[in-house]
Structures are given as C-alpha cells and as structure tokens.
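What follows is a short report on a single structure.
The values are calculated or read from the model by the stated rules, or taken from the named source; none is laboratory data. Nothing here was measured: the structure is a model prediction, and the numbers come from that model. As a convention, Cβ positions derive from the backbone with ideal geometry for all residues, glycine included, and neighbour counts pool all protein chains shown. Note: accessible area is taken over every heavy atom of the protein model, side chains too, but ligands, DNA and RNA are not part of it. Shrake-Rupley method; radii C 1.70, N 1.55, O 1.52, S 1.80 Å.
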Amino acid sequence: MELLNHPVGIISIIIFIIAYAFVMTEEVTHLRKSKPVLFAAGIIWAMIAWVGVKMGDSYAVKKELMHAFDEFNQLMLFLLVAMTYINSMTERNVFEKMRSILLNQDFSYRKLFWITGFIAFFLSPIADNLTTALTMCSVVLAVGKGNKNFTSISCVNIVVAANAGGAFSPFGDITTLMVWQAGYVEFFQFFKLFLPSLVNFIIPAFIMSFFIDGDEDNVENPPVILKKGAITISVLFLVTIMMAISFKQFLKLPPVFGMMFGLSLLQLYGYHLKRSYSAQSEISRDGSDQPFGVFRQIAQAEWDTLLFFYGVILCVAGLSKIGYLALINTALYDGLGFTVANSLMGIISALIDNIPVMFSVIQMHDTSTMELNQWLLITLTAGVGGSLLSIGSAPGVALMGQAKGIYTFSSHLRWTGVIFIGYVMSILTHLWLSGLL
C-alpha cells in the first residue's frame, strides 16, 4: 500500500496535527488530552482499513493494527497495576506521612531545596515521576508560603529531579517502560544511565541553589497517622516490582504478568483488611474514613493518561503504516547519524510529548539497526528532555496546576538555559561512559 501521496495519507497527518494541537492547549481549552487523540486514531485507522479493503490488503492492515494494540494492552495493564499501588499507598497516608516528617525538621530553604530534589531523584525510579513530584511539591508549598521565589525555583528543581530519576529505571517513566517491555534494554542495563541522570539533575540544581536563601516560618503540620496496612502495602509494591523483573529476567515472560500477579497479592491483602477491620474503628461518623477497597483504587487510576496512551500509540502506528516514520528516519537518523538524531529527539519531546517520540523510535528501529548504547541514549534524552519546558513532561504540567500562579510556564522558562546545560552534559557523560564520544 502506497499511501504517502494518497489523500488518506495527507488527511491522516492533518488530523494528527490538529489533534495534537488540542493536546498541547489542554490547559486553555480544558479538553482532556485523551479525547482528540482517540478520535484521531479511530479516523486514521478507519481510512487505512478502507484503502486496505479496496486493494485486497485488509489482512496486513489488521495484523499491524493488532500488533500496536497488543503493545498497548501490555503497557496499559502494567501501568494500571502500578497506579493502583500508588493510589493505595496514598489512601493509606504513606506519602502524607513522608510530607509530615519533612515538615517537622525545620530545615533552611536551601537544605529543603536539596532534600526535596534528592528525594524526587531517588523516589521516582521506584514510584513514578508524577506522584513523586506532586508529593515533594506539597512540601515546598507548605514551607514556602509567602516566599514565591523559593517555591518557584524548588518546583523547577523537583521537575528536573523527578524526570532525571525516572530515566534510569523502567518504573520511573512510561518511555523507559516502553523500551524495557520491547526488550531493547534489559532491566539492569538501565542503571548505566544513573550517572548521566545524576549529572542532569545536579548541574541545574547547583546553579539554582545560589538564588535561594532564608528559613521557613512555623508551618502548620497536624500529625499524620498511617492507616492499618500502609507498611505492608508498600512492601507488597516492592515485591510486585521484583515479580515483574523476575518474570522478565528468569522466566522470559512479559513483565506485565509479574505485575498482574502482584495485583492479586494486593487484592488478597485488601480482602484481609476488609475482614479484619471492625465497623466501629474504620468508619467515622461522616463516612470519610472508609474500609480499604482495591477496586476503589483501580477506579481512581489516571484513565485519561491511559486512554491518551492508547490514542497516541495507534496514531503513531497508523502514520508508520502510511510511511511518515520512514521519512523521519531517512531525514534524521540516516542524514544526521544516531547520536545527533537521538539527542534532538529529546528536545522534540519537550515540545510535543515523550510518549509519541519514543514510540515512533521503537517503530523505526530495533536492536539490529540501533545498538544498546544508542537505545540508552534515546531513553535518557526522551526522559530528561521534557524538563526543558514546564509543558514537556507530566510532572511539569501537574505542578503548574498544583502551584498555580507560582510555578508557571514563564517561571520555568527562566531556567531553561541552565537546564539545557545539564541536558548537554548528561548526554556527553553517557557518550563518554559508553565509548561513543
């Protein structure tokens, strides 16, 4: 099927551009990002299938569509389990307790700047960069009340740290998870990106720290009590992560099966909690403290993100079927070389989104065309490139909503030059360590 010069190909790229324009202006239009890409995916594949039927090539169209759909299914279920555990830990006050402990320490602003940054860097590989960023932001908002400068710079630091920390673990970001699930980078190979990721965080943080001074005032910090089962659920989450790794490394099965097994552990423990809690101790008069329920945590997952993920994967797969990715591959990778092209892809991810960028690279290449160190490079750049702009990553967008009027697009843009230095130095560090330099 030759669709590049066909009306279907031209209409498809126009529809995708319009849909993504709505995604990028979500803050203005208040139209959830999943809606336009779901619509675009449906139209694009319907047109491709129509041409396929006319040309007697419908089987090939169906095969490619189902291949993309299978990739989404595995990633969606993996993310759903991870989101359910994070929601469960949030409901049991795990992150609130962490916030309370930090507020009790009476740190100076500069100390808290570094502490929240390092926690974001080391927590995001285990949890995820979005949850980590939101938790740390709640700390700086509470402490920095009345000090807009401290709060704004700390939010920039948290976004950079969370994105950098998420780049050296399959669990830190959707893009790293995609590469791991595709089998292009093994679990322990991601840790080769630890030092480049640390450089990406440390350099901007070091420069920004000179612009922070002062101490926190007395902050209202009511005591937080962990609900029953909080520690056990946290341990079960770590066990589930180990299950996913073990299923992939030792049983040669997709890691999603390990995650689903881990979900069964949470369900069984949730049943135990439900049976062991008495109505008097668990349910308050106003009904605000309800017994633990796994399906309630599943319902609170980021469904807009998951459906957006579906729409993006199918849109990119459709554009690949038409032939647009082959054009990009020729222009970037054949024309500029892998190192320059993968470095540019990170900057592009700050303007668009790292999910379609990474999926397009996965569609264009495999281990036969791109070596391990280049896969690690695109994993690094797609992960940390979003830090260049506040709209370039999920933590940045979320913190603009949480710290409205304090952490803004323009306040982040003031530090883009500093963040770019960290971005370039992290790439050079990886190239030096891998021998590509």
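For VAL235 paired with TYR59, estimate the spin-label separation in nm (one decimal), with each label point 7 Å from Cα along the Cα-to-Cβ line.
Each label point is offset 7 Å from its Cα along the Cβ direction, giving 5.5 nm.
Residue by residue through segment 145-150, what is 3J(HN,Hα) from phi via Karplus (6.51 cos²θ - 1.76 cosθ + 1.60, θ = phi - 60°)? Round to whole Hz and write x for glycine and proline.
So the Karplus estimates, Gly and Pro as x, are 4, x, 10, 5, 4, 4 Hz.
Please say if segment 193-269 is rounded, prolate or oblate, where rounded means a/c under 1.5 for a ≥ b ≥ c the square roots of the C-alpha gyration tensor eigenvalues, and otherwise the choice is prolate for a/b larger than b/c and oblate otherwise?
Working: a/c = 5.86, a/b = 1.45, b/c = 4.04.
Oblate shape, in that a/c is at least 1.5 and b/c is the bigger or equal ratio.
Ordering MET358, MET47 from largest to smallest accessible area (1.4 angstrom probe), what's the sequence?
Numbers: MET358 0, MET47 35 Å².
I get MET47, MET358, largest accessible area first.
Among the listed pairs LYS35/LYS248; LYS33/LYS248; LYS35/LYS321, which have their C-alpha atoms separated by more than 29 angstrom in this model?
Numbers: LYS35/LYS248 33 Å; LYS33/LYS248 32 Å; LYS35/LYS321 22 Å.
Too far apart for the 29 Å limit: LYS35/LYS248; LYS33/LYS248.
Ordering TYR59, TYR277, TYR271, TYR407 by accessible area with a probe of 1.4 Å, largest first, what comes out? Before the final figure, lay out each step's value.
Numbers: TYR59 165, TYR277 30, TYR271 140, TYR407 0 Å².
Sorted by accessible area, descending: TYR59, TYR271, TYR277, TYR407.
Where nothing but the Cβ of Lys and Arg (+1) and of Asp and Glu (-1) is charged, how large is the charge dipole of the chain around its Cα centre, in debye to the nearest 20? Don't jump to the answer; show the numbers that get you there.
Numbers: 25 positive and 27 negative charges, 120 e Å.
So the dipole magnitude of the chain works out to roughly 580 debye.
How large is the accessible surface per residue of the chain, computed with a 1.4 Å probe and reported in Å² as a whole number? Please list the in-between numbers first.
Working: 19130 Å² over 437 residues.
With the other protein chains kept in place, the chain gives 44 Å² per residue.
May I ask which residue of ASN73, ALA46, SER88 lies farthest towards the positive end of the charge dipole of segment 35-109, with charges of +1 (Lys, Arg) and -1 (Asp, Glu) on Cβ and the Cα centre as origin?
Ranked along the dipole, the leading option is ALA46.
Over the Cα atoms of the chain, each weighted equally, I'd like the Debye log10 I(q)/I(0) at q = 0.08, 0.10, 0.11 Å⁻¹, rounded to two decimals.
So the normalised log intensities are -0.47, -0.74, -0.89.
In whole Hz, with x marking every Gly and Pro, tabulate ³J(HN,Hα) for segment 405-421 from phi via Karplus 6.51 cos²θ - 1.76 cosθ + 1.60, θ = phi - 60°.
Karplus-based 3J(HN,Hα) across segment 405-421 equals x, 10, 9, 10, 4, 6, 5, 6, 4, 4, 9, 4, x, 5, 5, 5, 4 Hz.
Among rounded, prolate and oblate, which fits segment 149-282 when a ≥ b ≥ c are the square roots of the eigenvalues of its C-alpha gyration tensor, a/c under 1.5 means rounded, and a/b larger than b/c means prolate?
Values: a/c = 3.85, a/b = 1.14, b/c = 3.37.
Oblate, since a/c reaches 1.5 and b/c is not below a/b.
Round to the nearest 10 and report in Å² the accessible area of LYS248, as given by a 1.4 Å probe over the protein chains' heavy atoms.
40 Å²
Within the accessible area of the chain, what % is carbon and sulfur when the probe is 1.4 Å and the other protein chains stay in place? The partial results should precede the final answer.
Working: 12580 of 19130 Å².
That fraction is 66 percent.
Under a point spin-label approximation (7 Å from Cα along Cα-to-Cβ), what is the LEU344-PHE420 distance to one decimal in nm?
Reported label-point gap for LEU344 and PHE420 is 1.6 nm.
What's log10 of I(q)/I(0) for segment 323-437 at q = 0.23 Å⁻¹, Debye sum over Cα points only, no solvent?
The Cα Debye sum returns log10 ratios of -1.25.
Check cross-link reach from LYS227 to the lysines: straight Cα distance under 21 Å, and skip same-chain residues fewer than eight apart.
Hits, sequence-local ones excluded: LYS97, LYS274.
Taking only Cα atoms and a 10 Å spring cutoff, compute GNM fluctuations for the chain and point out the largest among ILE15, ILE233, ILE225.
ILE225
If I take R0 = 45 Å and measure r between the Cβ atoms of LEU428 and HIS30 in this structure, what FRET efficiency does the formula 1/(1 + (r/R0)^6) give, to the nearest 0.05?
After rounding to 0.05, the efficiency reads 0.65.
Select from ALA350, PRO125, LEU437 the residue farthest towards the positive end of the dipole of the chain; place +1 on Cβ of Lys and Arg, -1 on Cβ of Asp and Glu, and compute about the Cα centre.
PRO125
Count the net charge of all other residues whose Cβ sits under 15 Å from the Cβ of VAL94, scoring Lys and Arg as +1 and Asp and Glu as -1. Could the numbers behind the result be given before it?
Values: positive: ARG92, LYS97, ARG99, LYS227, LYS228; negative: GLU91, GLU96, ASP128.
My count for the surroundings of VAL94 gives +2.
As a test question: what accessible area, to the nearest 10 Å², does ILE119 have when a 1.4 Å probe is rolled over all protein chains in place?
Rounded to the nearest 10, the figure is 50 Å².
Which Cα, out of PHE261, PRO204, ALA331, lies furthest along the positive dipole direction of the chain (beta carbon charges, K/R +1, D/E -1)?
Positive-end residue among those listed: PHE261.
Using +1 on the beta carbon of Lys and Arg, -1 on that of Asp and Glu, and nothing else charged, what's the dipole of segment 32-73 about the Cα centre, debye to 20? Don't skip to the end; give the middle numbers.
Details: 6 positive and 4 negative charges, 55 e Å.
With Lys and Arg at +1 and Asp and Glu at -1, about 260 debye.
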